[in-house]
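**Student:** Right, I'll just put the structure down here and ask away after.
The values are calculated or read from the model by the stated rules, or taken from the named source; none is laboratory data. Quick caveat, the model's predicted, so the values are computed rather than measured. Note that each Cβ is placed from the backbone with ideal geometry, even for glycine, and that neighbours are counted across all protein chains shown.
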Amino acid sequence: MSKGTGSRTRPAMATGKTSGLDGAVEILFFNTRNWLQPPRRNLEEAGLQPGWHVLDFGCGVGGHSIAAARLVGETGRVYAADVKPLMVEQVRKRAASRRLANVTGIVTDCATGLADQSLDAILLYDVFHDLEQPGQVMEELVRVLKPEGILSFSDHHLEDKQIIAGVTAGGRFRPVRRERLTWTFAPAGADVLSTVGLPESERGA
């Protein structure tokens, strides 16, 4: 995929259509989950730094997007991407109410429109299991990630073996470390400096 474009016979993510009632229920679900599981805990493991450019792919109502925007600061930027326009609008409203000018919303099921190798980190939390075309999405993510960038990943619907198999399929990413809440992956060609918490079979893969 080049510069965020490409033809698709099927959407890469589930449909973004949401009725009013369904949307309200979904927003309530995300808000409750973010209250029970504060997004900052994942981001602390990701190690976001001031000035970083970050993509929150499948952002939902933006719990991670807003927390990330605070961590990267005014010199950084967060791109909040979701297939559902209602979710992206929620993120925009939350950012505006908190006077965060470094959050940009993107409505998409795959292509982000971002420049090649422009991101320091990508957040992919509880999204992967719902992707209809995961290969297309991972191809887009590796395209926009810097060679030294990271993919911070979690999905409570999947076991560790499924996560490793899914993310490393196609040879785009390799595992770097496993922490309590998240996995960290790097582009396959990157120098891996740490294999903390990885199964022995995955070290040096």
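**Student:** Test residue 66 against the stated conditions and say whether it is modelled with pLDDT under 60, within 18 Å of residue 127 (Cβ to Cβ) and of a type in the set (A, V, I, L, M).
**Tutor:** No.
**Student:** Of all residues in the stretch 168-180, how many are over 21 Å from residue 44 (Cβ atoms), hydrophobic (A, V, I, L, M, F, W, C) and crowded, with 17+ Cβ neighbours inside 10 Å?
**Tutor:** Within the stretch 168-180, residues that are over 21 Å from residue 44 (Cβ atoms), hydrophobic (A, V, I, L, M, F, W, C) and crowded, with 17+ Cβ neighbours inside 10 Å number 1.
**Student:** If you don't mind, another one. So, in the stretch 70-104, of the ones that are crowded, with 22+ Cβ neighbours inside 10 Å and in contact with a helix residue (DSSP H, G or I) (Cβ under 7 Å, 6 or more places away or on another chain), which residue ends up farthest from residue 42 (Cα to Cα)?
**Tutor:** The residue in question is 90.
**Student:** Still on this structure, please answer the following. Looking at (1) closer than 18 Å to residue 46 by Cα; (2) modelled with pLDDT of 95 or more, can you tell me which one residue 156 breaks?
**Tutor:** Residue 156 satisfies all of (1) closer than 18 Å to residue 46 by Cα; (2) modelled with pLDDT of 95 or more except (2).
**Student:** Could you tell me whether any residue of the stretch 35-44 is at pLDDT 70 or above and in contact with a Lys or Arg (Cβ under 6 Å, 6 or more places away or on another chain)?
**Tutor:** no
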